[in-house]
Amino acid sequence: MGEAKSTSDILRSGGQWFNTTHWSTVLAAGNHQLERSAEALEKLCRTYWYPLYAYVRRRGFEQHEAEDFTQEFFARFLAGDYVTKAVPGKGRFRHYLLGALNHFLSDAWDYEHRQKRIGNRQTIPIDMHTADERFQFEPCHDLSPDRLYERRWVLILLEQVLTRLGTEYEAGGKARLFQELKVFLTGDDENASYSEIANKLKMSDGALRVAVHRLRQRYGELFRQEVAHTVSCPEDVIEEMRHFLTVLVT
């Protein structure tokens, strides 16, 4: 299967770093420098909308208010209202989005005003019913809005990694192998047995363990790549990865 550019390759590329980050998508969309940049920007919005929605809800806004705020924020974002404020060489993409959202929330708009403005802007398809169902299952114990936002950001990022990994295995004709082995990444089945899965796949225990090792190794590589997309310089990757791991265990 074809492998994407490794993080070490990105780190060595120096001047090419900026082209691999989400910042390039944001700025190119604003300057119309990148073909299909608007589509790429919309994809970013579809990927990262839920952490922002959960943040607004945890801030104390009711469901309908959070729905309006989230849709209007992304409508303004897609319209380029915040693109000129992006500083790619400073901070992290998650900080940038949250800062833009907080700036948006500070505007004292009444409900009717928000409704009128969103009616004239592009929106992204968000299933708000599903959104609030997800929010109801969020941990309610002492998680601040900022902490919940960061936790959701990490989990969304890991979902992207798992999706990319599954796509690679499918492209290599190993879709079934991935479906059977991904439990060792997700931990969905704590009783998963090497011998049972090896038997199901008609592999030896040793061969299965090698396959799991390779799966985890590639997962780690893709995780580093995804993190690299969200920071503005190579030196921030390891620090950001450590921060994300801390977010998950605390």
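Residue under question is GLY220, and the condition is that it be free of Cβ contacts under 8 Å to residues at least 12 places away in the same chain and surrounded by 12 or more Cβ atoms within 10 Å (Cβ to Cβ); does it hold?
yes
Which condition from (1) modelled with pLDDT of 80 or more; (2) within 15 Å of TRP49 (Cα to Cα) is the one that ILE124 breaks?
Unmet condition: (1).
For the stretch 135-167, give me each residue that is at pLDDT below 90, surrounded by 15 or more Cβ atoms within 10 Å (Cβ to Cβ) and not in a loop (DSSP other than H, G, I, E, B).
PHE135
Against the definition (outside the structural domain of PRO51 (by TED's automatic domain parsing), surrounded by 18 or more Cβ atoms within 10 Å (Cβ to Cβ) and in a helix (DSSP H, G or I)), how does LEU248 come out, yes or no? Please lay out each step first, then the result.
Working: outside the structural domain of PRO51 (by TED's automatic domain parsing): yes; surrounded by 18 or more Cβ atoms within 10 Å (Cβ to Cβ): no; in a helix (DSSP H, G or I): yes.
No, not satisfied.
Mind checking whether some residue in the stretch 37-57 is under 23 Å from VAL237 (Cβ atoms), among the β-branched types (Val, Ile, Thr) and either at pLDDT 85 or above or not in a loop (DSSP other than H, G, I, E, B) (or both)?
Yes, the stretch 37-57 contains a residue that is under 23 Å from VAL237 (Cβ atoms), among the β-branched types (Val, Ile, Thr) and either at pLDDT 85 or above or not in a loop (DSSP other than H, G, I, E, B) (or both).
Could we say that THR163 is free of Cβ contacts under 8 Å to residues at least 24 places away in the same chain, under 28 Å from LYS43 (Cβ atoms) and among the hydroxyl-bearing types (Ser, Thr, Tyr) here?
Taking the combined requirement at face value, the residue satisfies it.
Could you look through the stretch 58-90, keep only residues that are modelled with pLDDT under 80 and not in a loop (DSSP other than H, G, I, E, B), and pick out the one that is farthest from ASP236 (Cα to Cα)?
So, considering only residues that are modelled with pLDDT under 80 and not in a loop (DSSP other than H, G, I, E, B), the one farthest from ASP236 (Cα to Cα) is LEU78.
The values are calculated or read from the model by the stated rules, or taken from the named source; none is laboratory data. All of these numbers come straight from a predicted model, not from anything done at the bench. Because the Cβ atoms are built from the backbone with ideal geometry, glycine has one as well, and the counts that use them run over all protein chains shown.
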